[in-house]
Amino acid sequence: MSSDTARPEEFDVVVVGGGPGGSTTAALVAMAGHRVLLLEREHFPRYQIGESLLPSTVHGIGRLLGVDGVLREAGFMRKGGGTFRWGTSPDPWTFSFADSPGLGPSMGYAYQVERTRFDALLLNHARQVGADVREGCTVRHILRADGRVHGLAYRTPDGSAAEVRARYVVDASGNTGRLHHAAGGERVYSPFFRNIAVFGYFENGRRLPPPNQGNILCAAFDSGWFWYIPLSDRLTSVGAVVHREHADQVQGDPEQALSKLVGRCPLVRDHLADARRVTEGTYGTVRVRKDYSYCDTRFWAPGVALVGDAACFIDPVFSSGVHLATYAAMLTARSINTVLGTGMDERRAFDEFEARYRREYTVFHDFLAAFYTMQAPRDAYFRQARELTGGQAGAMASFINLVGGLASGDRALTDAEQVTDRLGTAARVLDASAHCYQASTDGDPWDESPMLGETFAQSDLLAEQGATGGSFAETAPQLPGGLVATADGLHWAEPGPLAGSRPAGT
């Protein structure tokens, strides 16, 4: 310890990053009675992209955290579903979350959120449930001893050096952080989603006709696709996602690039015909993000775990970013709470976290690869979605279940070899799947991917539990030889006659 560093503080857990993944982790660990420190580099509110939520985040994680009521009262734009101009269909087509049998009209919605407000809401909640939240703190490096991470060194807002010791460090610092190296893995960028996004904000853009005025609008064009997200009655987030082969179209001035791309997408151009781009304040900058699809080869090591964009990110087309971050936060919190509270073997608890998290990432990745590469009429998406989800619901409802995180039923894996395959990196999965889709012209390319039917299984489970107000208990493991969640949703338990009723070891 250097001479300018004060005596280290002691916590059970230190979380790096105050976004949805970090604040959710901190809150769920604090709710279990453990001492939590959360360090955030910036001062909230601060800007972040990723503004369209899934019902599972609102009704599942939101209820587990206890913020579902606060979200309802926050005045966020209600998102009833999505509208797509995609595939070979010349006209936009729409799905509604309310048409899912799992939710119905009362719970068939999510929100479009300004992340400045949404993230601050979650961070404040972490404070309220007992986490020590400190903003303006910059992490310097990880502390190691005896083969494990046991804390970190950081700078306080006034520039002073400080250290904190903890049983666990959770890296939720986002895609630009460097702490993910502490898990001992490697960041692998997707060979399929090598995309570049350029995005900005507009006032007075057109809205879809009621009742779809809050929908996300996704419109494909010759170089990629646009998102068009209504954040309020006046404010709209607009972004173009183009493949690397079209990178020349976003070189130079981002403002000019976005304007030119809007001109090449008639649907978005028409919606912005009477709009004005915001040029001042938080939303006044046209931003560019490159090569943003990746996955680390390890999500945890002794004393450290990766959550959210620190671990992986895919693509914004089905709004999976916040879902994956908060879902991973829940899994991490369960592992930490169980080890600290009951003494479960660390590897047993954290292997469950990594297996579920990696599976969720991989199946999303595979589904999105199919959606990108399949050029089909609208009805083909619905029909194939029905086959992928087992044919129990109608074609339209099956598609909604897939893209909204509401597929009915929990499809536990039954084959150990399949589990091993699914835990491989996304690069290996997409090398094979992209080849199948490109080569398949006469047959049915969706049949080449057995994982698509499981894409939204976990977000489905969370949404249904939240929608019904029921217990988070699981009666059987989701992976062979795995653990089950307890009724409070905060711990793991060994499967058995009382599986899910109490944490393991109690």
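The values are calculated or read from the model by the stated rules, or taken from the named source; none is laboratory data. These numbers were taken from a predicted model, which means no experiment stands behind them. Neighbour counts are summed over all protein chains in view; Cβ atoms, including those assigned to glycine, are modelled from backbone coordinates with ideal geometry. The accessibility values were calculated without ligands, DNA or RNA, using every heavy atom of the protein model including side chains. Shrake-Rupley method; radii C 1.70, N 1.55, O 1.52, S 1.80 Å.
Restricting attention to the stretch 268-297, which residues are crowded, with 18+ Cβ neighbours inside 10 Å and not hydroxyl-bearing (Ser, Thr, Tyr)? So that I can check it myself, show each step before the final result.
Within the stretch 268-297, the subset crowded, with 18+ Cβ neighbours inside 10 Å is 268, 271-272, 277-278, 283, 286, 292-296.
Answer for the stretch 268-297, where residues must be crowded, with 18+ Cβ neighbours inside 10 Å and not hydroxyl-bearing (Ser, Thr, Tyr): 268, 271, 272, 277, 278, 286, 295, 296.
Looking at 353, 299, which is the one that is farther than 28 Å from residue 45 by Cβ, touching a strand residue (DSSP E or B) at 6+ places or on another chain (Cβ under 6 Å) and of a type in the set (A, V, I, L, M, F, W, C)?
Values: 353 fails: touching a strand residue (DSSP E or B) at 6+ places or on another chain (Cβ under 6 Å).
The conditions single out 299.
For residues that are open to solvent by less than 10 Å² (accessible area, probe 1.4 Å) and hydrophobic (A, V, I, L, M, F, W, C), scanning just the stretch 96-118, find the one that is nearest to residue 53 (Cα to Cα).
Residue satisfying both the conditions and the ranking: 110.
Kindly provide the set of residues from the stretch 322-363 that are acidic (Asp, Glu) and more than 16 Å from residue 61 (Cα to Cα), ordered by number.
So in the stretch 322-363, the residues acidic (Asp, Glu) come out as 345-346, 351-352, 354, 360.
Matches in the stretch 322-363: 345, 346, 351, 352, 354.
For (1) among the small types (Gly, Ala, Ser); (2) assigned to a strand (DSSP E or B); (3) within 24 Å of residue 117 (Cβ to Cβ), each residue gets a yes or a no:
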{"residue": "207", "(1), (2), (3)": "no, no, yes"}
{"residue": "213", "(1), (2), (3)": "no, no, yes"}
{"residue": "228", "(1), (2), (3)": "no, yes, yes"}
{"residue": "242", "(1), (2), (3)": "no, yes, no"}
{"residue": "249", "(1), (2), (3)": "no, no, no"}
{"residue": "273", "(1), (2), (3)": "yes, no, no"}
{"residue": "281", "(1), (2), (3)": "yes, no, yes"}
{"residue": "289", "(1), (2), (3)": "no, yes, yes"}
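So residue 193 passes all but one of these: (1) assigned to a strand (DSSP E or B); (2) open to solvent by less than 10 Å² (accessible area, probe 1.4 Å); (3) of a type in the set (A, V, I, L, M, F, W, C). Which condition number does it fail?
Looking at each condition in turn, residue 193 falls short on (1).
Before we move on, is residue 307 in contact (Cβ under 8 Å) with a residue 40 or more places away in the chain and either of a type outside the set (D, E, K, R) or in contact with a Lys or Arg (Cβ under 8 Å, 6 or more places away or on another chain) (or both)?
On the way: in contact (Cβ under 8 Å) with a residue 40 or more places away in the chain: yes; either of a type outside the set (D, E, K, R) or in contact with a Lys or Arg (Cβ under 8 Å, 6 or more places away or on another chain) (or both): yes.
Here the answer is yes, as residue 307 does meet what is asked.
Would you mind telling me which numbered condition in (1) in contact (Cβ under 8 Å) with a residue 24 or more places away in the chain; (2) open to solvent by 50 Å² or more (accessible area, probe 1.4 Å) residue 90 fails?
It is condition (1) that residue 90 fails.
Against the conditions (1) open to solvent by less than 50 Å² (accessible area, probe 1.4 Å); (2) part of a strand (DSSP E or B), where does residue 121 fall short? Just the number, please.
Just one mismatch for residue 121, condition (2).
All but one of (1) open to solvent by less than 10 Å² (accessible area, probe 1.4 Å); (2) out of contact with any His (no Cβ under 7 Å at 6 or more places or on another chain); (3) farther than 11 Å from residue 24 by Cβ hold for residue 333, so report the exception by its number.
Result: residue 333 fails condition (3) only.
If I go through the stretch 33-71 residue by residue, how many of them are aliphatic (A, V, I, L, M), open to solvent by 30 Å² or more (accessible area, probe 1.4 Å) and over 26 Å from residue 317 (Cβ atoms)? First the steps, then the outcome.
As a first pass, look at the stretch 33-71 and keep what is aliphatic (A, V, I, L, M): 36-39, 49, 53-54, 58, 61, 64-65, 67, 70-71.
Subsequent filtering for residues that are open to solvent by 30 Å² or more (accessible area, probe 1.4 Å) retains 49, 70.
So of that shortlist, the ones also over 26 Å from residue 317 (Cβ atoms) come out as 70.
Of the residues in the stretch 33-71, 1 are aliphatic (A, V, I, L, M), open to solvent by 30 Å² or more (accessible area, probe 1.4 Å) and over 26 Å from residue 317 (Cβ atoms).
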